[in-house]
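Notes follow once the structure below has been shown.
Where a number appears in this text, it was derived from the coordinates with a stated rule and is not lab data. No experiment lies behind these values; they were computed from the predicted model shown. Note: ideal-geometry Cβ built from the backbone for every residue, glycine included; neighbour counts use all protein chains shown.
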Amino acid sequence: MITVNKILCPVDFFSASLAAAGYAMGLAAIYEARVHLLHVIAPIPMDAINVAEITESLEKKAAYDLNKLVQRAHRANVDADVEIHVGDAYDEIKSAIETRKPDLVVMGTHGRRGIERWFIGSTVEKLLRHSPIPLLTISASGKRVPVPRFRRILVTTDFSEGTSDALAYAFSVAQEYDARISLLHVVHDVAVDTTGTFRDSLLTGVEKALQDLVPPEAADWCDVDTRIETGVPYQVILKILEDEKIDLAVMNIHGKGLLDRALLGSTAERVVRAAPCPVLLIPPMKRKKRELPLREDRVA
């Protein structure tokens with residue numbers, strides 16, 4: 001079982017971050033975790049009039065709004081605390097990760113900038129590349145985002161090293177929510193631009209690799225299926241998320257190498273930019289290999 005004791009949730013009080021706060025509280029209630037709400041105020045230019053006065057006013061307003069979120073958390077029987085800093089948002093979030101040592105960051109993808117669908121902003125982009133802990137992204141997209149109710153989970157894999165970590169998190173969430181898991185590999189259409197024996201051999205090998213990723217005991221308590229699609233990976237993933245009303249996408253975000261993770265425009269980043277559902281991104285995890293959680297009610 002994946003342990004989630006602390007959840008860090010940066011908020012800027014716009015719709016996506018408020019939706020993220022709601023998700024963080026919902027997850028905290030399930031995992032009996034504590035939520036740390038962080039608000040970062042951008043520095044006021046030094047040539048502005050009454051810098052201290054403006055900053056103090058912004059801090060008071062942030063404290064008031066954060067207190068309302070804390071009251072909301074308490075009504076849900078969730079422990080929550082708050083922190084306000086002045087500085088660069090990414091730097092302050094990174095510092096909070098280092099000092100608070102949360103198990104998960106929950107963050108909205110369309111914040112104060114009101115950015116269009118295909119742009120998620122520098123803060124989230126940097127976290128996608130550099131966060132040392134799992135990151136759950138929430139897109140409000142102008143709609144009311146419900147509390148977590150994960151029934152259908154899509155796990156994407158390119159068979160890279162981080163796949164086992166992504167699966168461990170997916171199975172943990174599936175256990176808590178009695179969810180169904182689909183394990184997906186997208187073969188780029190260029191790779192299957194062939195016929196006959198070579199194509200069949202490739203797809204057969206992929207199917208076997210997917211089956212090998214699913215621990216045998218998973219079938220005892222979780223509905224798991226494997227699937228292979230062809231096309232441009234991010235386009236295929238987004239279409240499945242939309243058409244099949246997936247509740248959660250789980251992806252490992254370091255690709256086939258650390259260099260891939262630093263390149264803007266990766267499959268994970270493209271999916272986060274347009275996903276209609278929350279996306280859980282799992283970075284390289286420096287820990288012992290995880291074991292698949294077992295449901296106590298299924299153990300003889």
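According to a simple spin-label model (label point 7 Å from Cα along Cα-to-Cβ), what is the distance in nm between residue 242 and residue 188? Using points 7 Å along Cα→Cβ, the separation is 2.3 nm. Extension gain for residue 235 to residue 75 (0.36 nm times residue separation, less C-alpha to C-alpha distance): 53.6 nm.
Count charges around residue 31 for me, please; just the other residues with Cβ under 9 Å from its Cβ, Lys/Arg as +1, Asp/Glu as -1. Value of the local net charge: -3.
In order along segment 177-183, the Karplus-derived 3J(HN,Hα) couplings, from 6.51 cos²θ - 1.76 cosθ + 1.60 at θ = phi - 60°, round to 10, 6, 9, 9, 10, 10, 9 Hz, and Gly and Pro are given as x. Which entries of 60/101; 6/208; 101/208; 60/126; 101/239; 61/245 show an alpha-carbon separation above 30 angstrom in the structure shown? The answer is 6/208; 101/208; 101/239; 61/245.
Approximating the spin labels as points 7 Å out from Cα along Cα→Cβ, the residue 164-to-residue 98 distance works out to 3.0 nm. Amide H to amide H distances under 5 Å link residue 139 with 109, where only residues 5 or more positions off or on other chains count and H is placed in the peptide plane. Based on the Cβ-Cβ distance from residue 223 to residue 61, what FRET efficiency comes out when R0 is 45 Å, to the nearest 0.05? So the FRET efficiency works out to roughly 0.45. With a Förster radius of 25 Å applied to the C-beta separation of residue 32 and residue 147, the computed FRET efficiency comes to 0.95.
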